[in-house]
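Beneath this line is the structure, given in structure tokens, with notes to follow.
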Amino acid sequence: MSSAPYPWLDASWQRLLSTRSRPAQALLLAGPRGVGKGALALAWAQALLCEEPLADGGACGQCPACHWFDTGGHPDFRLVSLQEKTSKEGETRMATAIEVNQAREVVDFVQLSTYRAGFRVVLVNPADSLNLAAANALLKVLEEPPLNTVFVLVSDQPRRLLPTIRSRCTRLDIGLPLVDQAVHWLAGQGVDDAMNLLALSGGTPLDAQRWADSSDLDERRSVLEGLARPDQLDPVTLGECLKTVSPQAWHNVTYKWLGDLLAVKLHGSVQFNRDFSEVLVQLGKKADLAKLLALARTQANEGRTLAHPLNRSLQLEAWLIQYRHLFD
Ligand SMILES: [Zn+2]
């Protein structure tokens, strides 16, 4: 028996395996981030390429095809994803879109005959990052896929896919796991405080695990300890002190903090930062709703420009002044 990459994916995994002899030629794995769609897609690709599959259709992990797959060199497999780009100034960053040249390579790839006798698999992740030209190039082969070719598209935001692409795909929705199941799994991974981290991650276990593994938790604590006491907050000192927090972590933490203040204001409960529930409930009651909405909106917009902080401590200071005014 093969097992799903994560226990909460078991039903989806069994469903996929039951189609192994006649798999969907274009499969769309859709669902929230952090639930393991990418891992499921890879396991499925390997199962299709394996040359000595187990009785249930899962990959054996031992045959030459599995070996090539594990080492990233299976000749009948392509992963299409966001690539790193280097600017003229020598800065390396992640591309924001899957571009047309990548899609054209796939089109060429699927026209060739397969190296081995079995399937050929193209995995596109995140499929919603295909730019328009790339999506259109890919659409042509999705409409008439060559024999034994399987496309697997993975997306957190399937609505952003071209409707024509979506309609070509057999869709498999992956939902959030049950809280008990996720907490149990996290505890098994050695994550302390699984319940709080799961809440902080909006119920997605892989994000919760990432929190636990990173230094972000310490950063989060230092940010939130400042925000928890607005009456004692000195924007200049705190702004200077928090300037080493990465813009992404800062955004993530403060965005959820404001979200919790709004949640308290609107329906009296905390969604993300359960370990700060008491303080959030008090602050939420005091906060001015109009100012809170305005700050949350600015914060949402700031998410788009994270990569370009100008004067970081000044920026933080301005934010903290605005934050303090919520409680005037
Ligand atoms: Zn195998």
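Laboratory data are not the source of any read-out in this text; all were calculated from the coordinates shown. Model, not experiment: these values are computed from the prediction. No Cβ is skipped: glycine too gets one built from the backbone with ideal geometry, and neighbour counts run over all protein chains shown.
If you take the beta carbon distance between Ala300 and Thr244 as r and set R0 to 25 Å, what does 1/(1 + (r/R0)^6) give as a FRET efficiency, to the nearest 0.05? The calculated FRET efficiency here is 0.60. Per-residue packing, averaged as other Cβ atoms within 10 Å, sorts the ranges 163-176, 42-55 into the order 42-55, 163-176, beginning with the highest. Shape summary: region 167-312 maps onto an equivalent ellipsoid whose semi-axes, from the alpha-carbon gyration tensor, are 27, 19, 18 Å in decreasing order. Less than 19 Å from a label point 7 Å out along the Cα-to-Cβ axis of Lys286: which backbone N atoms in region 312-328 qualify, by residue? Within reach of a label on Lys286: 319-328. Relative intensity of the chain on a log10 scale, I(q)/I(0) at q = 0.10 Å⁻¹, equals -0.72, per a Debye sum over C-alpha point scatterers of equal strength in the absence of solvent.
Any idea how many Lys pairs in the chain come in under 26 angstrom at the alpha carbon, given 8 or more places apart or on separate chains? Summing the qualifying lysine pairs gives 12.
When both region 231-291 and region 179-220 are represented by their alpha-carbon centers, they are found 20 Å apart.
Estimated from the Cβ-Cβ distance and a Förster radius of 51 angstrom, the FRET efficiency linking Ser113 and Asp231 is about 0.10.
Computed over the alpha-carbon pairs of region 1-123, the distance histogram in 10 Å steps reads 12, 38, 33, 14, 3, 0 percent, short to long. Here the extension length gained between Glu84 and Cys63 equals 4.4 nm, from 0.36 nm per residue of separation less the Cα-Cα distance. Placing a label point 7 Å from the Cα of Asn311 along the Cα-to-Cβ direction, the residues of region 241-269 whose backbone N falls under 17 Å of that point are 241-244.
The percentage of C-alpha pairs in region 239-306 whose separation is greater than 16 Å is 49%.
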